[in-house]
Structures are given as C-alpha cells and as structure tokens.
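To keep things clear, I will list the structure first and then write my remarks on it.
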Amino acid sequence: MPSLNETMDLYRRILLIRMCEEKIREVYPGDEIKSPVHLSIGQEAIPVGVCHCMPRGTRYFGTYRNHALYLNLTNDVEGFFCELYGKASGAGRGKAGSMHLMAPEVGLMATSAVVGTTLPVAVGAALACQYQGGDGWTVVFFGDGAMEEGVFGESMNFACLRGLRILFVCEDNGLAIHAPAKDRRGYRSVMDLTQAFDCYAASAEGQDVFKVIEKTRKIMEGMEQAPKPGFLHFTYHRFLEHVGVNEDYQHGYRKRPSDQELRQLDPAQVLSGQMARLGGVEADLEKMRNELKERIEKSVAQARAAPFPEPGELCTEVVL
Amino acid sequence: MTRTITYREALNLAMRREMEADEDVFVYGLDVPDHKRIFGSTKGLVEQFGLNRCFGAPLSEDALTGIGIGAALSGLRPILTHIRTDFMLLGMNQLGNMLSCLRYMSGGKVHVPMVIRSVVGRGWGQSAQHSKSMFGIFAHFPGLRVVLPSRPQDAYSLLRAAVRDPNPVIFIEHRWLYDVEGPVDEQVTVPIGQPVVVRQGKDLTVLCVSWMNVEALKAAEVLARRGVELEVVDVRSLAPLGRDLIVESVKKTGRCLVADYDWVFAGFSAELAAVVGHDCFRELKCPVERVGFAHAPCPATRPLENLFYPSAVTLIRMAEKMLGLDETDLSGENFYSYENKFKGPF
C-alpha cells in the first residue's frame, strides 16, 4: 500500500506534465510555439511510474512524444517552455524543439523523431554499462509502431544475446499516427512477438501509475536475478491527435470512448481517486495546483520574453 | 623509429596502440574476430584485449551503428568496422538522423566520439553491391568527419586521430591499399583536415581521393619522362576539407584535375571543382576537369569494370588534353593490374 506522501509526489509529477501540456494547448492557437508538439495526455503514468522505480544513474531514451519523460526527469519547466518557444535559453538552445528534448545531466540521453531510432542507441548505453562492469540500468521508451521497424528485432536480439540490463518499455496507444493496430500487425499480439526473445516480459494497462510501478518492480526483480533484458508493454489511450493540441475523434478513424471510460483512462483522474481513498485533502491538492499553475505561468512569461539564439549560433555545436 | 609496413599493418598498429592507451576503445562488427580478421586489419586484437574489446556481432548494421552511438554517449570510444562500405547503407538512419546531429540537437550537451571504418571493394567481380565508396554522401552531413588515407603513415596516424577525435569519424579504406607498403613512424601525428602534396610539380595539380593517389603517381611518373610535372595532392580528409593547401597548389600550377574515386555526377569532385573554381578563378589557365566512376552501377565483368574505373591512363589522357599535348605512346608501360596483387575473391 503506497503512502499518501508517495502518492502525492506521483500526483504532483503527473499534474505538472498535464498542466504544462494544457498550457501548450492554450497558447498554441496563437502560433507562439512554432514547433510540432506530440502531447502525452493519457500517457503520463507510464514514464512517471517506470522512472519512479529506477535507481539514480539510470540512462533513459525516449521518442518524440517525450514531454512527460522530460518534465518528469528534469522538473525543468523553464527550459522546457524556452525550448518550445525556440529560445536560446531552451533545453537544446533552440536547436531541439519539442521532438528532441535531452537532458544527459539527469540521464535523459536522447530522444528521436524517427520511430524506433533510439532503440539500438539505448542498447549501446546498456552495452557500455556491461563493458565497464557496472550494474546500472538503461530504459528505452518507444511506441508500438516501433515494433514494426526492422531495428526493433535487431535491438532486442543484440540485447538478449548479450544479456544486457535494459528495460524496453512499449507505450502502446494502438495507433501509429492514424493507423490502427489491426492495419499494421501481421503478428498475433505484442506479447507473442516478444516471446521468441530470451527476456523477461509483462503487459498491463498503463493509466494506473501504481500498476505501472508494480509491473516495473516485478520485472526488475527478475532482471536482478538473471542478466536478461526486460520488456514491459503498457497500453494507454491517446486523448489528442497524433501531433497538435486538439481532439480528433470527429474524423472518424477511431471511436470516442464514453465520458466515464475517458475518466478511467486518464492517469490524473485515476490517481486523484486513489488519493481521495488514502485520505488526501482537497485543500492540499488545490494548493499544489496553484503552485504549479504559478510556476508554469512564470515559465511561459519567461519563455516569451527570452531572446532567440544569436545568428552566430546557427553553426555552433555542429562539431566539438 | 621508422619502419616499412603495409597499410593493413598500419591500421592494425593504430588500433592496437589506441586500445593500449585507452580502455574505453573497443572494436566490433561483423567478422571482426573471425579467422580472417577483416583482411588482417584486426589481427591479434582478440588475443591481446579479449572478446570484450574486440567482438563480432549479429548481422544488424542498423542496430550496430546505433549501439556504437549509445556506447559513445556513455563515455566509450567504439570503432565499428564494415568489411564493405555498401553495408553502411543499412545504418544510414542512425548515421543521418542521430550520429551526425545529436550534438547539435542537444544544444552541445553531448558529443559522439565514434569511428566507423569501412572497406571499399574492387575487382574480382565485386559488382554493384561490394564496390561503392559513397564518401561524398557521408561528407554531405554536417557533423561527420570523413577520412580516406592512401598511405600507411596516414592510415596509422589518421586512425589514431580518428579514435581520439571527440566527433564521429567515417574512416574509409580501399581494399587494394591494404598491400601498399610505406614508412611508418609511430610518433608522427597527422591532424584530420589537412591535405598533403605527395609529389611536387609545376604544370598541373591532380587532387586525389583514396586509391586515385596510386594511379596519379603512376601518371606523374609517365608524364615526367616527357618533361611534364604533375603535382599530386592527396586530399586525405573530405570533412573537414583543408582548402588552403589545395588552393595554393592550383594557384601555383594554374591547372586542376580532380581524380575522384566515386561517381562524378553530384559527387565530391564537384565540391573540389567549386572550391578551386572560386578561389583560383584568376589563376586557372583552363577549366577544372574531373574524372571518376562511369555513370552506372559497378559491373562484375572485367572488360566493363576496366571502363568503369578511372586509371592512370585516364589521368594521362586528361592531363594531355588540359596541357594541349599530343598523346604519349603508352605501349610498353607497366600499369597497375590487380591480378599482380589482389586475386580475390573478396
């Protein structure tokens, strides 16, 4: 049974991500953020839950849908918004945009806008750990679409062959842009596909952060016993369009769940229900929301006011 | 101390010295530890450093490229080895979308000190998929260094420089160069990005890439007998490109022939021609000429292959044209024939 404090901490993390993204939704129509954004609403509990279990020094790799991962690992709201606004003080000095957020200082080594691309890079980080005789962890997040890329099999094969301490985390929203799983999968199921590889594997729904934590801890226990990679499959509902800030149920390629179903698919709402049961006080949550709101507003104001990179920055950081 | 060794031995020595100096250096790739050891270039590394630092891999060029990137991001210095440059096409996503631009996309927070060695094949029916050089394609990506040594000393010194470079380096070796012998001094360092004059001359500059140095030196030897002096410049590094020496040489001779070892159309030779055309506009006595592969995939059969590749004869004929000379009688000349050295199959 998690404590109220632990639960509050997790809730704060999920709420920070959610409120940052709601702010993006608010300002985006004004064309202030000139960068494609792939919002993580619905997905937050997966990175928050997995990262919650990992020890310090873990190396993380992600995708272009990386806001939740970035904000959870860095808590860097200012650098996040500055980057989205293309400013020199951004996390990538305005050269990354939303899709390539990195923070190696906290272990977020790389994210990529090309599906599947960080998979082998993460395997390389895990190999480095093994090479150096360390016992550190590597986690790589990817969408279900990445499993259709050739490099998925190559990466799994190498990691399993070498018995690397790497956790593959599949964030499965059942969609690749707009294409549903049934139009893309010539295999029976995600778990069937991983069966052939010599690794630990588990699957669960990903909207309940505690379920994510439970599955992650369990697979880590196995991985600590025998040196094999782990594969975690979490399903989630993508609340918004693939890229952009709007809902897109009206286009008819997928069905809108009922309001009640949507509540059950929303990691923030699921967790707030659990908090109430643990004796969470609404006033505390209100205080938390207000603090976060103030911080986000301040960060956005800072990002708006911050200078763009100087022209001379165009060709810096190309080589060292 | 200088001693005479082959290009393959120079490559081997460079890796050995870097692996001795730095435990973070490791060599990997298909066939790296097998009994043939990438034409001998990785010979003895397993025995000296163990399979942890010199290992083979599944047939996964795409993942292997990414694995090197991840290892380099984690503080190691990987040397990925491809027995043919053609196989690098399987890793182009990692090369173009990660290796070349991770540093930039991170706002300078990371760097990727990775070396990718690859061997250009030729002869004995290598055909279209075992013969490409493609270095112009790699040089096209900002963020990558591209190095093509043609002499044992450069193979040794530039490979050491590549391993120590904080940036990604594509290091391309021509299969036929493996048997070339030359003096190598272990203490000599060669920085990446500097061309070198390998034969001085006053009449015409030949800018050479990789194997074309061998052909150009032969052409220079033949033409010297009738008093024509070619200046042969080994470009050595495509990216970064050392313009100064190239420009200085062409300003001196007033003529420039680019001897590329790749397709001419949209190739690196056009870059060199543009540099020379711009910087030596007033000094040029005739238009810059370029030679390279014929505009076709490489054929397997020898008679067509002979036509596909530029040679010393191609260079002699082109130089004569540029200098307004009659054709030299080449009967009785002994030109490079790979049957003398390289009997295949690979």
Quiz item: Exactly one of (1) open to solvent by 10 Å² or more (accessible area, probe 1.4 Å); (2) in a loop (DSSP other than H, G, I, E, B); (3) not charged (D, E, K, R) is unmet by A:Ser40. Its number?
Solution: (1)
Quiz item: When A:Leu73 is evaluated against the numbered criteria (1) closer than 24 Å to A:Asn290 by Cα; (2) among the hydrophobic types (A, V, I, L, M, F, W, C); (3) touching a residue at least 40 places away in the same chain (Cβ under 8 Å); (4) open to solvent by 10 Å² or more (accessible area, probe 1.4 Å), which criterion, by number, is the only one it fails?
Solution: (3)
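Would a scan of the stretch A:279-300 turn up a residue that is hydroxyl-bearing (Ser, Thr, Tyr), open to solvent by 20 Å² or more (accessible area, probe 1.4 Å), modelled with pLDDT of 95 or more and more than 19 Å from the chain's Cα centre (by Cα)?
Looking for residues that are hydroxyl-bearing (Ser, Thr, Tyr), open to solvent by 20 Å² or more (accessible area, probe 1.4 Å), modelled with pLDDT of 95 or more and more than 19 Å from the chain's Cα centre (by Cα), one finds none in the stretch A:279-300, hence no.
Taking the conditions exactly as written (more than 14 Å from chain A (Cβ to nearest Cβ), among the β-branched types (Val, Ile, Thr) and surrounded by fewer than 24 Cβ atoms within 10 Å (Cβ to Cβ)), does B:Val197 satisfy them or not? Step through it out loud before you land on a result.
Values: more than 14 Å from chain A (Cβ to nearest Cβ): yes; among the β-branched types (Val, Ile, Thr): yes; surrounded by fewer than 24 Cβ atoms within 10 Å (Cβ to Cβ): yes.
Against the criterion (more than 14 Å from chain A (Cβ to nearest Cβ), among the β-branched types (Val, Ile, Thr) and surrounded by fewer than 24 Cβ atoms within 10 Å (Cβ to Cβ)), B:Val197 qualifies.
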Exercise. With the checklist (1) touching a strand residue (DSSP E or B) at 6+ places or on another chain (Cβ under 8 Å); (2) under 23 Å from B:Met88 (Cα atoms) in hand, flag the one item B:Leu177 doesn't pass.
Key: (1)
Exercise. Select from the stretch B:302-346 the residues that are open to solvent by 80 Å² or more (accessible area, probe 1.4 Å), of a type in the set (Lys, Arg) and either closer than 29 Å to B:Lys36 by Cα or touching a Phe, Trp or Tyr at 6+ places or on another chain (Cβ under 8 Å) (or both) and list them in ascending order.
Key: B:Lys341, B:Lys343
Quiz item: If a residue has to be surrounded by fewer than 23 Cβ atoms within 10 Å (Cβ to Cβ), of a type in the set (Gly, Ala, Ser) and away from every other protein chain (no Cβ under 14 Å) to count, how many in the stretch B:1-51 make the cut?
Solution: 3
Self-check item: Members of the stretch B:263-289 that are of a type outside the set (A, V, I, L, M, F, W, C) and surrounded by fewer than 22 Cβ atoms within 10 Å (Cβ to Cβ)
Solution: B:Glu271, B:Gly277, B:His278, B:Asp279, B:Arg282, B:Glu283, B:Lys285, B:Pro287, B:Glu289
Self-check item: Considering residues of the stretch A:131-189 that are among the charged types (D, E, K, R) and in contact with a Ser or Thr (Cβ under 6 Å, 6 or more places away or on another chain) only, the residue nearest to A:Leu108 (Cα to Cα)
Solution: A:Asp172
Self-check item: Members of the stretch A:130-147 that are within 12 Å of another protein chain (Cβ to nearest Cβ) and either closer than 12 Å to A:Arg65 by Cβ or open to solvent by less than 20 Å² (accessible area, probe 1.4 Å) (or both)
Solution: A:Thr138, A:Val140
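Mind listing just one residue for me: the one in the stretch B:99-121 that is within 23 Å of the chain's Cα centre (by Cα) and among the hydrophobic types (A, V, I, L, M, F, W, C) and, of those, farthest from the other protein chains (Cβ to nearest Cβ)?
The selected residue is B:Val120.
Residue-by-condition table, conditions (1) of a type outside the set (Val, Ile, Thr); (2) in contact with a Lys or Arg (Cβ under 6 Å, 6 or more places away or on another chain):
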{"position": "A:Asp183", "(1), (2)": "yes, no"}
{"position": "A:Leu193", "(1), (2)": "yes, no"}
{"position": "A:Cys199", "(1), (2)": "yes, yes"}
{"position": "A:Glu205", "(1), (2)": "yes, no"}
{"position": "A:Asp208", "(1), (2)": "yes, no"}
{"position": "A:Val212", "(1), (2)": "no, no"}
{"position": "A:Lys218", "(1), (2)": "yes, no"}
{"position": "A:Ala226", "(1), (2)": "yes, no"}
{"position": "A:Gly230", "(1), (2)": "yes, no"}
Quiz item: Residues in the stretch A:97-107: is at least one in contact with a Lys or Arg (Cβ under 9 Å, 6 or more places away or on another chain) and within 7 Å of chain B (Cβ to nearest Cβ)?
Solution: yes
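Yes/no matrix, rows are residues, columns are (1) in contact with a Phe, Trp or Tyr (Cβ under 7 Å, 6 or more places away or on another chain); (2) within 24 Å of B:Gly242 (Cβ to Cβ); (3) polar (S, T, N, Q):
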| residue | (1), (2), (3) |
| --- | --- |
| B:Ile69 | no, no, no |
| B:Arg103 | no, yes, no |
| B:Ser106 | no, no, yes |
| B:Asn167 | no, yes, yes |
Self-check item: From the options B:Leu59, B:Leu76, residue that is touching a Leu at 6+ places or on another chain (Cβ under 9 Å), facing chain A (nearest Cβ under 9 Å) and surrounded by 22 or more Cβ atoms within 10 Å (Cβ to Cβ)
Solution: B:Leu76
Self-check item: Checking A:Phe158 against (1) outside any helix (DSSP H, G or I); (2) at the interface with chain B (Cβ under 9 Å from one of its Cβ atoms), the condition it does not meet
Solution: (1)
Quiz item: Out of curiosity, is A:Thr58 crowded, with 24+ Cβ neighbours inside 10 Å, more than 7 Å from chain B (Cβ to nearest Cβ), touching a residue at least 60 places away in the same chain (Cβ under 8 Å) and more than 23 Å from A:Val37 (Cα to Cα)?
Solution: no
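The values are calculated or read from the model by the stated rules, or taken from the named source; none is laboratory data. Every value quoted in this text rests on a predicted model; they were computed, and no experiment measured them. Here the Cβ is made from the backbone with ideal geometry for all residues, glycine too, and neighbour counts use every protein chain on show. These area figures cover heavy atoms from the full protein model, side chains too; ligands, DNA and RNA do not enter into them. Shrake-Rupley method; radii C 1.70, N 1.55, O 1.52, S 1.80 Å.
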